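This report concerns only the one structure given below.
Rule-based calculations on the coordinates, nothing more; no lab input. Everything quoted here is computed from the prediction, not taken from an experiment. All Cβ positions, glycine included, derive from the backbone under ideal geometry; neighbour counts span all protein chains shown.
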Amino acid sequence: MRKKRDHQSAYAFIKRLVKQFGRPQIVITDQAPSTKVAMTKVIKEFKLNPKCHCTTKYLNNIIEQDHRHIKVRKTRYQSLNTAKNTLKGIECIYGLYKKNRRSLQIYGFSPCHEISRMLAS
């Protein structure tokens, strides 16, 4: 989460994901110019398949609908840290109610683990 949505921040985000989770088979994004530039850099740097980047509107809409409850909130936060923690908490709660996320770890994310970490801090 960054203040600007430019190609440097998109590149840093995608690069961090590739390093953390490994080489993706496919990456679905919106058609933002910054994302396209960032993906081109990542594909060259990590020698990924050029066809791994998909910008199909339909596929992205399915992913966007997964977190539509967050987009409904029109709250303005005083800092990025507050926004990050609030949104992470909301995702954790909604993750508990999704059948496919109750016991599984999806890409290293476990709602139960995140809630216990948040309560510990």
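For Lys15 and Gln78, what does the FRET efficiency come to when R0 = 41 Å and r is the distance between their Cβ atoms, rounded to the nearest 0.05?
For Lys15 and Gln78, the calculated efficiency is 0.90.
For each of Glu114, Glu45, count neighbouring Cβ atoms within 10 Å of the residue's Cβ, then give the residues from fewest to most.
With the sparsest Cβ surroundings first, the list reads Glu45, Glu114.
Could you work out how far apart the two model spin labels at Ser116 and Glu45 are, taking each label as a point 7 Å from the Cα in the direction of the beta carbon, and quote it in nm?
A separation of 3.4 nm, rounded to one decimal place.
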